[in-house]
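The structure under discussion appears below in the form of structure tokens.
The values are calculated or read from the model by the stated rules, or taken from the named source; none is laboratory data. These numbers were taken from a predicted model, which means no experiment stands behind them. In this analysis, Cβ positions are derived from the backbone assuming ideal geometry, glycine residues included, and neighbour counts consider all displayed protein chains.
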Amino acid sequence: MELRIEPEHDGARLDVALASRLPEISRTRLQDLILHGQVRVNGLAAAKAGLRLRAGDRVEVTIPPPAASGLEPESIPLDVIYESAAVLIVNKPAGLVVHPAAGHARGTLVHAALAHAPDLEGIGGELRPGVVHRLDKDTSGLIILAKNERAHAALQRAFKDRTVHKTYLALVEGRPPTPTGRVEAPIGRDASHRKRMAVVPGSRGRTALTAYQTLETFAAGSLLEVHPETGRTHQIRVHLAFLGCPVAGDRVYGSRAARITAPRQMLHAWKLRVHLPGEAETRELEAPPPEDFESVLRELRREGRSLNGARPAASPKGGKG
């Protein structure tokens, strides 16, 4: 493609000007194209991403076809909640790792998506789906994968601008200090355990905001509806533990004197409200809690330990939306 530099970008960096004109391509991807000689200014290969442009400059951008990622598609069953040419939204089961990493070279959600959606256009120059946000291995529920560069960039902007609204269900030990509330506490690496996160002083952490509402209360714990307003690593689990009501079954941040028996951390990405790329209206999606989550709730209810008597008006049961 060929672009002419407008007066508004006179003196701008090459990568900044291109990111403004080509919002469907990430700035990181544009910098990589420049580095590999795929961007020419007035007929000459651009020497660097920071090249200063002048109004009237002619910029040519060549985007090569995506290369093989080296990941082998795997026929892992997926519970697909919604799919379009741009995105794949899945109800991820607990135990499934989202992205290949050390110790998880195979059997991930990305491998499953490659098999499910052979029409992927690729992300960042590779034939792979774009992971915009993540769920921990033992957290179940809704997760979005982008099928192409344009959708990936649009969703990244939406998450950055906090226009994507996520609702989780969390079964916790005990109960929060108030039935509803909002936690504002920075999160960073735990100084004593580098693989854990913790609430830390503001100078050492990043801003983290989590709102919650109690749906049902038991002698041993509570069922909460949780709304993370930021997306820090392990945010919900860290904030709920900070309140003194850790997620039931959480082996990292949970209580050693657990009163609720759970097979894994009882955290489920329940609902999602998002304006998907290429669609006119905001879409609301829902994934009902899986059987292991429901089983723990049934056991608490069967034992007659519910303290509030009636079920919540906003029942966690429901269709796929």
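Structural remarks
- Restricting the range 68-90 to residues that are part of a loop (DSSP other than H, G, I, E, B) and of a type in the set (Asp, Glu), the residue that is surrounded by the fewest Cβ atoms within 10 Å (Cβ to Cβ): Glu72
- Looking only at the range 7-23, and only at residues there that are exposed (fewer than 14 other Cβ atoms within 10 Å of the Cβ) and touching a helix residue (DSSP H, G or I) at 6+ places or on another chain (Cβ under 9 Å), the one that is farthest from Arg52 (Cα to Cα): Pro23
- Within the range 270-289, not a single residue is over 20 Å from the mean Cα position of the chain (by Cα), charged (D, E, K, R), surrounded by 15 or more Cβ atoms within 10 Å (Cβ to Cβ) and at pLDDT 90 or above.
- Within the range 158-198, tally of residues that are in contact (Cβ under 8 Å) with a residue 12 or more places away in the chain, over 25 Å from Tyr253 (Cα atoms) and not aromatic (Phe, Trp, Tyr): 4
- Here Pro118 does not qualify as at pLDDT below 95, surrounded by 15 or more Cβ atoms within 10 Å (Cβ to Cβ) and closer than 27 Å to Leu30 by Cα.
- Sole exception among (1) modelled with pLDDT of 95 or more; (2) exposed (fewer than 12 other Cβ atoms within 10 Å of the Cβ) for Arg194, by number: (1)
- Tally of residues being under 18 Å from the mean Cα position of the chain (by Cα) and crowded, with 20+ Cβ neighbours inside 10 Å across the range 199-224: 2
- Considering (1) within 30 Å of Leu285 (Cα to Cα); (2) loosely packed, with under 15 Cβ neighbours inside 10 Å; (3) in contact with an Asp or Glu (Cβ under 7 Å, 6 or more places away or on another chain), the lone condition that Asn42 does not fulfil carries the number (1).
- Test: residue in the range 20-31 that is part of a loop (DSSP other than H, G, I, E, B), closer than 27 Å to Leu267 by Cβ, under 21 Å from the mean Cα position of the chain (by Cα) and of a type in the set (Gly, Ala, Ser): no
- Any hit, the range 93-110, residues being under 27 Å from Tyr168 (Cβ atoms) and assigned to a helix (DSSP H, G or I): yes
- Candidate set from the range 7-32 (those that are of a type outside the set (D, E, K, R) and touching a residue at least 60 places away in the same chain (Cβ under 8 Å)); member that is nearest to Arg150 (Cα to Cα): Ile25
- Within the range 146-173, restricting attention to residues that are farther than 29 Å from Gln265 by Cβ and of a type outside the set (Gly, Ala, Ser), the residue that is surrounded by the most Cβ atoms within 10 Å (Cβ to Cβ) is Lys147.
- Residues in the range 201-229 that are at pLDDT 95 or above and assigned to a loop (DSSP other than H, G, I, E, B): Thr207, Ala208, Glu229.
- Residue that is surrounded by the most Cβ atoms within 10 Å (Cβ to Cβ), among those in the range 238-266 that are outside any loop (DSSP other than H, G, I, E, B) and touching a residue at least 40 places away in the same chain (Cβ under 8 Å): Val247
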